[in-house]
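Before any comments, here is the structure.
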Amino acid sequence: AVGGSAADMLSTFPYSDFTLTGVDQKRIDKYTESMVRLNIRSLMPSVTLGYLVDGEYCSSLIFHQKEKVFIDMINYPIDDCTVEHTAFLGVDPVITVKTNEMLRRFIQSDSRQAKALREVLPKSLLQVLAEPAFELDPLTALYIARKTIPGSPPLSWLKRMLPVYLIERTLYRATLVEAQRRVRSMLHVAMGDDLHEFTPEEMAETVNQFQLADQDPLGAVVGTRNNVTATEIRQGGDFWKWTDQIDVLTPYKLRALGISEAFLSGDATYSNVETGMSVFMENTETLRANITYEVLTNKVFPIVAVANDFFKPGKEVNTESRRRMQFQLSNHNDLDIPTVRWHKRLDAKPEENMMEMLTSL
C-alpha cells in the first residue's frame with residue numbers, strides 16, 4: 001500500500017502537456033512528430049515506473065528511414081535482458097534479449113492487425129525478432145539504470161524500505177495463519193470438584209453439548225451440574241498483530257522513500273505553499289529532469305537531428321560512417337536539439353500566500 005502508491009504517484013505526478021522550444025518551428029514539428037508517435041504522455045510514466053520499481057528500463061526505438069522519425073518502440077521485460085555493463089561512462093552496455101512468448105506470437109500470428117504491423121516494420125527488425133536471442137542496436141536501444149554508487153548494479157527504489165518490509169511480511173504471514181486457524185475466542189469448560197469427579201465420557205458429552213449449542217441459530221440452552229464453569233479465553237483479536245503495527249511501520253517506510261504522508265494520502269497538493277517548499281518537490285523535479293534527459297535529450301532528439309541534418313549554424317558534422325554517427329550522438333553539442341518545457345511547474349515558491357502578494361502588488 002505504501003510502496004505501490006508512492007511509485008504510482010512519482011511516475012505520474014511530474015508529467016503533463018509539454019512545449020518544445022529553442023529551435024526553428026519547422027524543426028520543432030519534426031521533433032514533435034516523433035514524440036507524438038511514441039506517445040510521450042504515456043511513455044514517460046511507464047519509463048519512470050520501471051526505473052523506480054525494477055531499477056532499470058529497457059526498450060528498442062523503431063526508426064522510419066523514409067520519414068526520418070520514430071514510429072514506435074518495443075518494451076522488453078528486465079528478466080529477459082542480459083546486461084553487460086562497462087567501466088566507461090559514455091559507452092552503452094551490451095544488452096542481449098531473449099525472445100519471449102509475446103514476441104513469438106506476434107511474429108507467427110495470422111491476425112489482420114499483426115500482418116498490417118509487420119508490413120510497416122523494417123524487414124531487418126522482423127528477422128532479428130524471429131531469433132531465440134538477439135543483441136540490441138546501441139543506436140536505438142533505450143536503457144536507463146538507477147545506480148546509487150558508480151560501478152554498482154542497478155538498484156530498485158523500493159529496496160530502501162526492505163528492512164521494514166521484512167518485519168511486516170513476517171507479521172502478515174503470521175496473521176494469515178492465525179486467521180485461517182480460528183476466528184473467535186476459545187471456550188474453556190472446567191468440570192468437577194472435590195465432591196464429584198467427571199468421567200471422560202461425561203466430559204466428552206458436556207463438551208459436545210456446548211459445541212452443539214454454539215451451532216444453534218435460534219438460541220440454545222445448555223444444562224449442567226453446579227460444578228461446571230464455562231469461560232472464554234484468548235480472544236479472537238489477540239493474534240491480529242499486523243494490523244496493530246500498521247500505523248507504526250508506515251512512517252518508517254515513508255521516511256525511507258522520502259515522501260510525506262500528506263502527499264501519499266492526498267491531503268496536500270503540489271500547489272500548496274508549505275509542501276511546495278519540501279524536499280519532495282525538489283526530488284520530483286530532479287527525477288523528471290533526469291528521465292527527460294535520458295529518454296528525449298540523450299536518445300530520441302539526437303537521432304532525429306542527425307537523420308534530418310539538424311545542426312547548429314556553422315557546424316559541419318561527419319556522420320557517413322556508423323562509428324562517426326555513434327560518436328556524434330554521444331556528443332550532441334553541435335546538434336540543434338529543442339528543450340522540453342513541461343506545463344506542470346514543480347518549483348518551490350517562497351510566498352506565504354499568492355493572493356495576498358497579488359493584492360499587495
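What follows is calculated from the coordinates using simple rules that are stated; it is not laboratory data. Note that the structure is a prediction, hence the values are computed from the model and not measured. Cβ: placed from backbone, ideal geometry, glycine included. Neighbour counts: every protein chain shown.
Tabulated values for the structure
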item	result
Cβ-derived FRET efficiency at R0 45 Å, V248 paired with N227, nearest 0.05	0.45
Cα gyration tensor category, rounded, prolate or oblate, for region 34-81 with a/c compared to 1.5	oblate
Environment charge of Y57, counting only residues whose C-beta is closer than 14 Å and scoring Lys/Arg +1, Asp/Glu -1	-3
Cβ-based net charge around H85, under 11 Å, with every Lys or Arg adding one and every Asp or Glu removing one	-2
K98 paired with N290, simple spin-label distance in nm, labels 7 Å along Cα-to-beta-carbon	2.9 nm
Global form of region 44-185, assessed from the alpha-carbon gyration tensor, a/c cut-off 1.5	oblate
Where labels lie 7 Å past Cα in the beta-carbon direction, separation of V36 and Q113 in nm	2.3 nm
Rounded, prolate or oblate (a/c below 1.5 giving rounded, otherwise prolate when a/b exceeds b/c) for region 16-114 by Cα gyration tensor	oblate
Segments 51-62, 6-17 sorted - mean Cβ within 10 Å per residue, highest first	51-62, 6-17
Peptides 288-299, 108-119 ordered by average Cβ neighbours within 10 Å, highest first	288-299, 108-119
Student exercise, region 1-73 dipole from Lys, Arg, Asp, Glu Cβ charges, in Debye to nearest 20	320 debye
Neighbour net charge for V120 - beta-carbon separation under 12 angstrom, K R +1, D E -1	+2
Region 1-26 and region 105-135: distance between their alpha carbon centers, rounded to Å	31 Å
